[in-house]
Amino acid sequence: MFKKILIANRGEIACRVIKTARKMGIATVAVYSEADRDALHVEMADEAVFIGPAAAAESYLVIDKIVDACRKTGAEAVHPGYGFLSEREAFPKALEAAGIVFIGPNPGAIAAMGDKIESKKAAAKAKVSTVPGYLGVIEDDKHAVKIADEIGYPVMIKASAGGGGKGMRIAHSKNEVAEGFNLAKAEAKASFGDDRVFVEKFIVDPRHIEIQVLGDKHGNVIYLGERECSIQRRNQKVIEEAPSPLLDEATRRKMGEQAVALAKAVNYDSAGTVEFVAGQDKSFFFLEMNTRLQVEHPVTEMITGIDLVEQMIRVAAGEKLKLAQKDVVLTGWAVESRVYAEDPFRNFLPSIGRLTKYRPPAESSHDGVTVRNDTGVEEGGEISIYYDPMIAKLVTYGPSRAAAIAAQADALDAFYVDGIRHNIPFLSALMHHPRWREGNLSTGFIAEEFPRGFHPSVPEGEVARRIAAVAAAVDHIHGERKRQISGQMNGRAVHRERRRAVWLDRNEIGLDVGRDGSDIAVRFVGADGDLGKPHSLMSNWKPGDPVWHGKIDGVPASMQVRAALNGFRIAHHGYEVPVQVFTETEATAARLMPVGTKADTGKKLLCPMPGLVISIAVAEGQEVKAGETLAVVEAMKMQNVLRAERDGVVKKVHAAAGATLAVDAIILEFA
């Protein structure tokens, strides 16, 4: 077995590999760029080597720098993680030439499967069901349109060397093909250094299901069940689960056997994933094979009990698999949410900055339920513009799908992040969505259920009452603290009114709140003005705690509590709402206060996120129509097209191509 390995990656996956290596008694070496000097993976590793500037093309993607870091530290093997160099055939070849072991598949398998076009040819040869498409070289956007016309719409335009949703577009018309082709090529070039793309038929109402395979260097290959990754946004996975609620045992076996056949056909000898697009009728077609560890591998680990990173290391060291297919048993259910640094209320645009607070839910395992948090950040760390916006992968496991989802919902409610915007409210809302809970999924789920995007909303019904009750309890505890200040009122007791008006973004809920022993009792005011039955709130919450953990009438609940002007901001079940708690006298005055309005910025195009201006498509004095492209801004490897919302005339252009802009910086003004 290896004594020391180097992880040629960063963030949560580097930390993940370090954890397993430590468990196996293997020393680790981290590499880091200028932007990652203080990163968590650098802190966790036994050694760390600086490899260059923040831009990945000058650090994490430079093979010679990784090889040199191995030589300097005496690392015997390299785990590539995912992304960066993990699927570059040249990387394991360079390592082999230097006498260093690659903890991944052999270069031949990467060449056959890592290229999305070649992998489809290999799959067809191995008699794996494939999607109709054109796998040759596409000359330009006109050629792409001709191909799409022949295949039939809609089509998928996809980077050959791609992954992670980069360099991918769905097109429903000729115009969308032409634009999507050029954008996909540009993203592919920026992300992978390879601008080749291909076009294939897009299956309507599809589900994304993938099979985890594991092979060794002695010809053994097995599959470890499936994962469903249908909840996607912009072709990037958001939530994954294992197993899939769609498959039955017969379909699972058929997909698994095809995946193994394909892996054997290319002599695959590590952990890898064969991805399929599946119809609602359980038909399935090969999409691609990822010749690396997947982001979502933890859900497979949870239901199989198999540490995939450990298996990769053992296989790379020449060990035979100790598992046969009959030994693989799927038990329980696991769900993974990807926590991203992006603002769900601003069309999921990237958010950068310092994590002034980072308090994930505690990892735990009891009563058949497990909470796991794979992360690469810590409080005080910085989310930069240079890399993927992932903060963490929150994974929950339970004996059933319902139990795993319930655990995930509770854990998201307890996940506290400040300093940047994040997608936790959206993830939480998804966990409570009826269609998700039913398992009625497709890759169009988010577009269909949130056609106008994800917007702030005010809770109603039982959720509103729970939030109001906790807000009143928090306010009551703050009041108790104030009344205990030494010398207040010369030691005399302070009378406190019990009636409160709780405003959830101006929606008012009346209640009565007071102590009931160590608990707090809340009674809601009915339509007739009478008080209802008491509700008991039990919690150890104290002022300053970022999360209220407790029980409401014996049922566990968590809510994020942030101090705000004249109240709090409480997040729960996907809602993030300003809450004010008034006495009846205060409420009477507050009802008379006018409602403020936001300034109109309709005549300005503002930069929606920190990013690099790739191009400006208009000039001063130019007339534009609604829907026309105004500018393209790139952030975190994704190019975002900014379009005119209405007809108008460009008055002044404030930014130029190549400029780096902050969020809300003015790009141009309209007359």
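For residues that are assigned to a loop (DSSP other than H, G, I, E, B) and more than 19 Å from Lys482 (Cβ to Cβ), tally how many sit in segment 538-573. Lay out the reasoning, then the answer.
Start the filter on segment 538-573 by keeping residues that are assigned to a loop (DSSP other than H, G, I, E, B), which leaves 540-546, 553-554, 565-566, 573.
Checking which are more than 19 Å from Lys482 (Cβ to Cβ) leaves us with 540, 546, 553-554, 573.
Total satisfying the criteria: 5.
Could you check, for segment 168-181, whether at least one of its residues is under 29 Å from Ala55 (Cα atoms), in contact with a Leu (Cβ under 9 Å, 6 or more places away or on another chain) and buried (at least 19 other Cβ atoms within 10 Å of the Cβ)? Working first, answer last.
Our first condition is that a residue be under 29 Å from Ala55 (Cα atoms); within segment 168-181, this holds for 168-170, 179-181.
Narrowing further to those that are in contact with a Leu (Cβ under 9 Å, 6 or more places away or on another chain): 169.
Retained after the next criterion (residues that are buried (at least 19 other Cβ atoms within 10 Å of the Cβ)): 169.
Yes - at least one qualifying residue is present in segment 168-181.
Suppose we keep only residues that are out of contact with any Leu (no Cβ under 8 Å at 6 or more places or on another chain), buried (at least 19 other Cβ atoms within 10 Å of the Cβ) and of a type in the set (Val, Ile, Thr) within segment 494-543. Which one would you say is nearest to Thr588 (Cα to Cα)?
Per the stated criteria, the residue is Ile509.
I need the full set of residues from segment 134-158 which are under 29 Å from the mean Cα position of the chain (by Cα), crowded, with 19+ Cβ neighbours inside 10 Å and more than 15 Å from Met289 (Cβ to Cβ), in order please.
Listed by number, the residues that qualify are Val155, Met156, Ile157.
Does any residue of segment 238-255 turn out to be over 15 Å from the mean Cα position of the chain (by Cα), assigned to a strand (DSSP E or B) and touching a residue at least 12 places away in the same chain (Cβ under 8 Å)?
Applying the first criterion (over 15 Å from the mean Cα position of the chain (by Cα)) to segment 238-255 yields 242-255.
From the residues that got through so far, the ones that are assigned to a strand (DSSP E or B) too are 242.
Checking the rest, the ones that are also touching a residue at least 12 places away in the same chain (Cβ under 8 Å) come to 242.
The answer is yes; a qualifying residue exists.
Kindly evaluate Pro425 against the criterion of being in contact with a strand residue (DSSP E or B) (Cβ under 8 Å, 6 or more places away or on another chain) and modelled with pLDDT under 90. Outline the logic, then answer.
Working: in contact with a strand residue (DSSP E or B) (Cβ under 8 Å, 6 or more places away or on another chain): yes; modelled with pLDDT under 90: no.
No; evaluated as a whole, the condition is false for this residue.
In a loop (DSSP other than H, G, I, E, B), among the hydrophobic types (A, V, I, L, M, F, W, C) and either at pLDDT 95 or above or under 15 Å from His41 (Cβ atoms) (or both), is that true of Val395?
The answer is no for Val395.
Where residues in segment 567-594 are closer than 18 Å to His535 by Cβ and aliphatic (A, V, I, L, M), which of them is nearest to the chain's Cα centre (by Cα)? So that I can check it myself, show each step before the final result.
Kept after step one, since they are closer than 18 Å to His535 by Cβ, are these residues of segment 567-594: 570, 572-573, 579, 581.
Of the ones still in play, those that are also aliphatic (A, V, I, L, M) are 570, 579, 581.
Details: Ile570: 22, Val579: 28, Val581: 34 Å.
Looking at the filtered set, the residue picked out is Ile570.
Could you list, in sequence order, the residues of segment 343-373 that are buried (at least 18 other Cβ atoms within 10 Å of the Cβ), touching a strand residue (DSSP E or B) at 6+ places or on another chain (Cβ under 9 Å) and of a type outside the set (A, V, I, L, M)?
Of all residues in segment 343-373, those buried (at least 18 other Cβ atoms within 10 Å of the Cβ) come to 343-344, 348-352, 355, 358, 360-361, 369-373.
Now restrict to residues that are touching a strand residue (DSSP E or B) at 6+ places or on another chain (Cβ under 9 Å): 343, 348-352, 355, 358, 360-361, 369-373.
Asp343, Phe348, Pro350, Ser351, Tyr358, Pro360, Pro361, Thr370, Arg372, Asn373 - these are the residues of segment 343-373 that are buried (at least 18 other Cβ atoms within 10 Å of the Cβ), touching a strand residue (DSSP E or B) at 6+ places or on another chain (Cβ under 9 Å) and of a type outside the set (A, V, I, L, M).
Is at least one residue of segment 184-198 buried (at least 24 other Cβ atoms within 10 Å of the Cβ), without any contact (Cβ under 8 Å) to a residue 60 or more places away in the chain and within 22 Å of the chain's Cα centre (by Cα)?
yes
What are the pairs, 6+ residues apart or on separate chains, where a residue within segment 474-489 that is of a type outside the set (S, T, N, Q) has its Cβ under 8 Å from a residue that is modelled with pLDDT under 80?
Gly479/Arg496; Lys482/Gln488; Arg483/Val494; Arg483/Arg496
Counting just the residues of segment 611-650 that are of a type in the set (S, T, N, Q) and under 27 Å from Ser191 (Cβ atoms), which one comes out modelled with the highest pLDDT? Break it down stepwise before answering.
Here is the first cut: in segment 611-650, the ones of a type in the set (S, T, N, Q) are 615, 622, 629, 639-640.
Then drop every residue that is not under 27 Å from Ser191 (Cβ atoms), which leaves 615, 629, 639-640.
Details: Ser615: 94, Thr629: 91, Gln639: 78, Asn640: 81.
Result: Ser615.
Given the condition closer than 30 Å to Arg253 by Cα, charged (D, E, K, R), in a strand (DSSP E or B) and touching a residue at least 24 places away in the same chain (Cβ under 8 Å), answer yes or no: does some residue in segment 343-358 qualify? Outline the logic, then answer.
Initially, segment 343-358 is screened for residues closer than 30 Å to Arg253 by Cα, giving none.
For segment 343-358, residues closer than 30 Å to Arg253 by Cα, charged (D, E, K, R), in a strand (DSSP E or B) and touching a residue at least 24 places away in the same chain (Cβ under 8 Å): absent.
Determine the pairs where a residue that is free of Cβ contacts under 8 Å to residues at least 60 places away in the same chain, located within segment 291-308, has a partner that is among the acidic types (Asp, Glu) and surrounded by fewer than 23 Cβ atoms within 10 Å (Cβ to Cβ) with Cβ atoms under 7 Å apart, the partner being 6 or more residues away or on another chain.
Cβ pairs passing all conditions: Glu301/Asp307.
For segment 649-671, what are the residues that are part of a loop (DSSP other than H, G, I, E, B) and not β-branched (Val, Ile, Thr)? So that I can check it myself, show each step before the final result.
Pass one, segment 649-671, residues part of a loop (DSSP other than H, G, I, E, B): 654-659, 662-665, 671.
Once the filter is applied, which keeps residues that are part of a loop (DSSP other than H, G, I, E, B) and not β-branched (Val, Ile, Thr), segment 649-671 yields His654, Ala655, Ala656, Ala657, Gly658, Ala659, Ala662, Asp664, Ala665, Ala671.
Given the conditions (1) in contact with a Phe, Trp or Tyr (Cβ under 6 Å, 6 or more places away or on another chain); (2) surrounded by 19 or more Cβ atoms within 10 Å (Cβ to Cβ), and given that Ile103 satisfies all but one, which numbered condition is not satisfied?
Of (1) in contact with a Phe, Trp or Tyr (Cβ under 6 Å, 6 or more places away or on another chain); (2) surrounded by 19 or more Cβ atoms within 10 Å (Cβ to Cβ), only one is false for Ile103: (1).
Just wondering, is there one or more residues in segment 5-25 that are more than 22 Å from the chain's Cα centre (by Cα), surrounded by 20 or more Cβ atoms within 10 Å (Cβ to Cβ) and in a loop (DSSP other than H, G, I, E, B)?
no
Grab the helices (runs of 4 or more DSSP H) fully contained in segment 419-528, keeping just those with 1 or more residues being at positive phi and either touching a helix residue (DSSP H, G or I) at 6+ places or on another chain (Cβ under 8 Å) or among the small types (Gly, Ala, Ser) (or both).
On the way: elements: 424-431, 434-438, 445-449, 461-483.
Result: 461-483.
Looking only at segment 293-330, count how many residues are buried (at least 19 other Cβ atoms within 10 Å of the Cβ) and among the acidic types (Asp, Glu).
So the count comes out to 2.
Out of everything in segment 625-671 that is polar (S, T, N, Q) and surrounded by 15 or more Cβ atoms within 10 Å (Cβ to Cβ), what residue ends up being farthest from Pro350 (Cα to Cα)?
Quick first cut of segment 625-671, residues polar (S, T, N, Q) only: 629, 639-640, 660.
From what's left, surrounded by 15 or more Cβ atoms within 10 Å (Cβ to Cβ): 629, 639-640.
Numbers: Thr629: 20, Gln639: 11, Asn640: 11 Å.
Only one residue tops the list, namely Thr629.
Kindly evaluate Lys201 against the criterion of being of a type in the set (Lys, Arg) and under 14 Å from Ile147 (Cα atoms). So that I can check it myself, show each step before the final result.
Details: of a type in the set (Lys, Arg): yes; under 14 Å from Ile147 (Cα atoms): yes.
So Lys201 fits the description; yes.
Quick check on my filter: what residues within segment 199-220 are surrounded by fewer than 23 Cβ atoms within 10 Å (Cβ to Cβ) and in contact with a helix residue (DSSP H, G or I) (Cβ under 7 Å, 6 or more places away or on another chain)?
Within segment 199-220, Lys201, Val213, Asp216, Lys217 qualify.
Which pairs turn up if I take residues in segment 36-56 that are within 18 Å of Ile391 (Cβ to Cβ) and at pLDDT 95 or above and look for partners that are acidic (Asp, Glu) and not in a helix (DSSP H, G or I) with beta carbon separation below 6 Å, at least 6 apart in sequence or on another chain?
Short answer, once both residue conditions are applied: Leu40/Glu378.
Please go through segment 362-379 and give me each residue that is touching a residue at least 60 places away in the same chain (Cβ under 8 Å) and not in a strand (DSSP E or B), ordered by number.
Restricting attention to segment 362-379, the residues satisfying the condition of being touching a residue at least 60 places away in the same chain (Cβ under 8 Å) are 370, 372, 374-378.
Across segment 362-379, the qualifying residues are Gly376, Val377, Glu378.
Quick one: in segment 551-566, of everything that is small (Gly, Ala, Ser) and surrounded by fewer than 19 Cβ atoms within 10 Å (Cβ to Cβ), which residue is farthest from the chain's Cα centre (by Cα)? Walk me through how you get there before you give the answer.
We begin by selecting, within segment 551-566, every residue small (Gly, Ala, Ser); these are 554, 557-558, 563-564.
From what's left, surrounded by fewer than 19 Cβ atoms within 10 Å (Cβ to Cβ): 554, 563-564.
Working: Gly554: 32, Ala563: 27, Ala564: 27 Å.
Taking the candidates together, the pick is Gly554.
Can you find a residue in segment 402-410 that is within 27 Å of Leu441 (Cα to Cα) and in a loop (DSSP other than H, G, I, E, B)? Quick ask: steps written out before the conclusion?
Residues of segment 402-410 within 27 Å of Leu441 (Cα to Cα): 402-410.
Still in the list and also in a loop (DSSP other than H, G, I, E, B): none.
No, because not a single residue in segment 402-410 is within 27 Å of Leu441 (Cα to Cα) and in a loop (DSSP other than H, G, I, E, B).
Picking from Gly108, Gly162, Gly114, which residue would you name as being in contact with a helix residue (DSSP H, G or I) (Cβ under 8 Å, 6 or more places away or on another chain) and touching a residue at least 24 places away in the same chain (Cβ under 8 Å)? Explain how you work it out, then say what you get.
On the way: Gly108 fails: in contact with a helix residue (DSSP H, G or I) (Cβ under 8 Å, 6 or more places away or on another chain); Gly114 fails: in contact with a helix residue (DSSP H, G or I) (Cβ under 8 Å, 6 or more places away or on another chain).
From the options Gly108, Gly162, Gly114, the qualifying one is Gly162.
Looking at Arg591, Arg569, Arg562, can you tell me which residue is touching an Asp or Glu at 6+ places or on another chain (Cβ under 9 Å) and either of a type in the set (Val, Ile, Thr) or at pLDDT below 90 (or both)? I'd like the intermediate steps shown before the answer.
Values: Arg569 fails: either of a type in the set (Val, Ile, Thr) or at pLDDT below 90 (or both); Arg562 fails: either of a type in the set (Val, Ile, Thr) or at pLDDT below 90 (or both).
Selected residue: Arg591, the only one of Arg591, Arg569, Arg562 that is touching an Asp or Glu at 6+ places or on another chain (Cβ under 9 Å) and either of a type in the set (Val, Ile, Thr) or at pLDDT below 90 (or both).
The values are calculated or read from the model by the stated rules, or taken from the named source; none is laboratory data. Here the structure is a predicted model, which means the values were calculated and not measured. Counting neighbours? That spans all protein chains shown, and the Cβs are built from the backbone with ideal geometry, glycine included.
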